[in-house]
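The values are calculated or read from the model by the stated rules, or taken from the named source; none is laboratory data. Note that the coordinates shown come from a computational prediction; the quantities given were computed from them, not determined experimentally. When we count neighbours, we look across all protein chains shown, and the Cβ atoms used for this are built from the backbone with ideal geometry, even at glycine.
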Amino acid sequence: MTMRPRGARAAGAVAVVCAAAVTGCTTTIPGAAHTLRTQPPLMSSTAAPPAGDSPSGGFITPTSLGTKLLKRDAVAATVGDAGLKPIQTYDKPDFSSVMQPQQCDYRAFPARSTAYMSSLLEGMAGEANSDDATGVLAAQVVSSWATVDHPKMVLSTITGEWRLCPDGQAFTSFSNGDTTPWISGPITTASEDRAVSLMTRQKGAAKTCAHVVATHLNTVIEALVCGPGDTVAQASVIADGLVANLRA
């Protein structure tokens, strides 16, 4: 796999995540098979964030977000895969599409919600790591917002976008000329500040992707784990670790 420098935001780097997360492909797609979007798809334009939040008082500053991420060895221990390597960093949202129907992208990738187009977004930090040999992927993203109430609005928007690809919806991922069938699973609201999405690969060895979104003070946390294990539990542990770091 062609490695990219940490912090790179080229479309090829995005393609690596797509390949690792949803197809298990082990090569970078030169030039990317899909187009990196800077605006969300039109079908999701209804997810504009509402106004009227109260000031946060600067609980978590955007410049501190990178220091709150979990170390790679801690993530590797959580997912039981010592072979994780960095493949992408996040400092802004993207709307690259590799799914058909397209709205199922929201289930499969972090930093993908239309909520991130809000002017209230102050900063974002995150990274994705994967193991080409096992197909395991783990991603973590933390964003900070200008108001303390807005993260709950973001959580609501994200879960609404997940429901555009409802439980039982069949969809297909496209990467490097390969197609992989998936089916969306349940969306669980674990608490008022956390939700979980699950999707399952329908071809090849057993593989699920769990996507956890949580809020803490003026931040939104996303954790995504794809692999053969209990990905819901693993993604939840990563989200818990991020919350603990934000509290420190």
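Summary table below
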| quantity | calculated |
| --- | --- |
| Strands (runs of 3 or more DSSP E) (entirely within the stretch 162-228) containing at least 3 residues that are crowded, with 23+ Cβ neighbours inside 10 Å and touching a Cys at 6+ places or on another chain (Cβ under 9 Å) | 219-227 |
| Helices (runs of 4 or more DSSP H) (entirely within the stretch 19-129) containing at least 3 residues that are of a type in the set (G, A, S) and either at pLDDT 95 or above or surrounded by fewer than 20 Cβ atoms within 10 Å (Cβ to Cβ) (or both) | 72-79 |
| Members of the stretch 172-220 that are of a type in the set (S, T, Y) and under 20 Å from A133 (Cα atoms) | S173, S175, T179, T180, T200, T208 |
| Test for A170: is it out of contact with any Ser or Thr (no Cβ under 6 Å at 6 or more places or on another chain), closer than 15 Å to M99 by Cβ and at pLDDT 95 or above | yes |
| Hits in the stretch 147-161 - residues which are among the aliphatic types (A, V, I, L, M) and either outside any loop (DSSP other than H, G, I, E, B) or at pLDDT 95 or above (or both) | M153, V154, L155, I158 |
| Qualifying residue in the stretch 140-151 (condition: buried (at least 23 other Cβ atoms within 10 Å of the Cβ), in contact (Cβ under 8 Å) with a residue 40 or more places away in the chain and farther than 20 Å from L242 by Cα) | no |
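Condition check ((1) among the aromatic types (F, W, Y); (2) more than 15 Å from the chain's Cα centre (by Cα)) across all residues:
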position: T159; (1), (2): no, no
position: T179; (1), (2): no, yes
position: W182; (1), (2): yes, yes
position: P186; (1), (2): no, yes
position: S191; (1), (2): no, yes
position: Q202; (1), (2): no, yes
position: G227; (1), (2): no, no
position: D230; (1), (2): no, yes
